Amino acid sequence: MEWMLEHSYFMLLLAGAFGFLMAWGVGANDVANAMGTSVGAKALTVKQAVIIAIIFEFAGAYLAGGEVTATIRKGIIDADAFSHAPQYLVYGMMSALLAAGIWLMVASWFGWPVSTTHSIVGAIVGFAAVGLGMDAVHWGKVGSIVASWVTSPLLAGIISFALIRSVQRLVLNHDDPFERAKKVVPFYMFLVGFVISMVTMVKGLKHVGLELSFFHSFLWALLGGAVVMALGSFFLSRVEPDPEADKDFRFSSVERVFAVLMIFTACAMAFAHGSNDVANAVGPLAAINSVLASGGEIGAKAEMPSWILLVGAMGIVFGLAIFGARVMATVGKKITELTPSRGFAAELGAATTVVLASSTGLPISTTHTLVGAVLGVGMARGIGSLNLRVISTIFTSWVVTLPAGALLSILFFYFFKGLFGA
């Protein structure tokens, strides 16, 4: 431990590089949660999606990404277990960042939408179980995370299915669907503003020390919904029907109305996602910084210096710009065919699930939630509209994520232990 403290700047530089790699993976893979449906529905081009996501993901990650974070993400291992050997926490967190970052790079290359949360959780469980013993891991927490593989996609799928059915009943099945859409979509805009405001306050603003009660969050979310509704209605008033396009596809003009709605959804989801999931990269980095800055002491909480948030935010932006389009294509185009109305239902269904899970403390993956929502939208048109081969590949990658992160983390843990000394 003495050598590590003497060379703390070197260790922080190394850990910062691994944290950047992990954040790079978050940007490359998880950004599909915010942008994949918008691109697949043709509400945004890939270039527009990347620009919007860079701005709002960076803003969310840097402005609301975290002031104080738990030393051990998700409470899956006990910080006190490292009190006799704090250097093991440093080795372990470096191993976890490197292992999860590499796995996310592989998954992003193949276009697999995997969970960044499960990647880092698997990596932390791996080094803790081997480095400290099986008793150091809270297996009940791990079990609840595994259970979320089923619960979060199922809940999001049900909500999205109900939403797209409501669009069909309230808008598409009418004689003049365009005029009907102009009347109904503002209420959907209110829903989007409300839910996204709740996501931001429940999952984002607590990171900057603004602890709002659920009731106060609810009231502010009502205001957020009203603002989005008013702003959206202004833009909707400028959308005119296109009779020529409607000859080829009856709902062409209607989908242009929903495309306006999806731009709002994409911007807000990117901010909420950046504020929440940057913690997967910067949480372990903050834990390493805390141990080194305190001379080896381990606390339950770790301060979040602004330079760490900057590393996370920059990593997300670079990963998104370089590899983001691959996972966007899988979520937005390969599972089922999306239109703006279907994409809206999927994104709102996913966001609603995140809010419900956050308020009940259920650990979920935003990736699994979004994929489940897209499946729910596809099921509304029948199972024949789903690409079952792509879906089976995605499910397989989900199952592999935890053990892949754990195995790589164990290898790197022993490597760092041998390199820097036990």
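The values are calculated or read from the model by the stated rules, or taken from the named source; none is laboratory data. As the structure is a prediction and not an experimental result, all values here were calculated from the model. With ideal geometry, Cβ positions are generated from the backbone for all residues, glycine too; neighbour counts draw on all protein chains shown.
Of all residue pairs spaced 6 or more apart or on separate chains, those with beta-carbon atoms under 9 Å, a first member in segment 230-251 that is touching a residue at least 60 places away in the same chain (Cβ under 8 Å) and assigned to a loop (DSSP other than H, G, I, E, B) and a second member that is surrounded by 10 or more Cβ atoms within 10 Å (Cβ to Cβ) and small (Gly, Ala, Ser) are PRO241/SER252; PRO241/SER253; PHE251/ALA181; PHE251/SER341. Applying the set (1) part of a helix (DSSP H, G or I); (2) under 19 Å from the mean Cα position of the chain (by Cα); (3) at pLDDT 85 or above to VAL146 leaves exactly one unmet item: (3).
Only residues that are more than 17 Å from the chain's Cα centre (by Cα), assigned to a helix (DSSP H, G or I) and at pLDDT below 90 were counted across segment 13-58, and they come to 5.
Taking residues in segment 171-187 that are in contact (Cβ under 8 Å) with a residue 24 or more places away in the chain and part of a helix (DSSP H, G or I), and partners anywhere that are surrounded by 17 or more Cβ atoms within 10 Å (Cβ to Cβ) and among the polar types (S, T, N, Q), the pairs with Cβ atoms closer than 9 Å and at least 6 places apart or on different chains are VAL171/SER341; LEU172/SER341; PRO177/SER253; PHE178/SER253; ALA181/SER253; ALA181/SER341.
The single condition among (1) surrounded by 23 or more Cβ atoms within 10 Å (Cβ to Cβ); (2) small (Gly, Ala, Ser); (3) within 30 Å of THR336 (Cβ to Cβ) that ALA96 does not meet is (3).
On inspection, GLY319 qualifies as of a type in the set (Gly, Ala, Ser), at pLDDT 85 or above and either part of a helix (DSSP H, G or I) or in contact with a strand residue (DSSP E or B) (Cβ under 6 Å, 6 or more places away or on another chain) (or both). Within segment 368-384, the residues that satisfy the criterion of being buried (at least 24 other Cβ atoms within 10 Å of the Cβ) and either at pLDDT below 85 or small (Gly, Ala, Ser) (or both) are GLY372, ALA373, GLY376, GLY378. Applying the criterion of being touching a helix residue (DSSP H, G or I) at 6+ places or on another chain (Cβ under 6 Å) and not in a helix (DSSP H, G or I) to the residues of segment 323-340, the residue that is farthest from ALA259 (Cα to Cα) is ILE335.
Of the residues in segment 265-282, not one is at pLDDT 85 or above and either surrounded by fewer than 24 Cβ atoms within 10 Å (Cβ to Cβ) or of a type outside the set (Gly, Ala, Ser) (or both). Among the conditions (1) surrounded by 16 or more Cβ atoms within 10 Å (Cβ to Cβ); (2) under 16 Å from GLY111 (Cβ atoms), LYS42 misses just one, which is (2). If you take the residues of segment 333-353 that are in contact with a Leu (Cβ under 6 Å, 6 or more places away or on another chain) and not aliphatic (A, V, I, L, M), which of them is modelled with the lowest pLDDT? That would be THR353.
Residues in segment 312-362 that are over 16 Å from the mean Cα position of the chain (by Cα), surrounded by 24 or more Cβ atoms within 10 Å (Cβ to Cβ) and within 27 Å of GLY101 (Cβ to Cβ): ILE335 alone.
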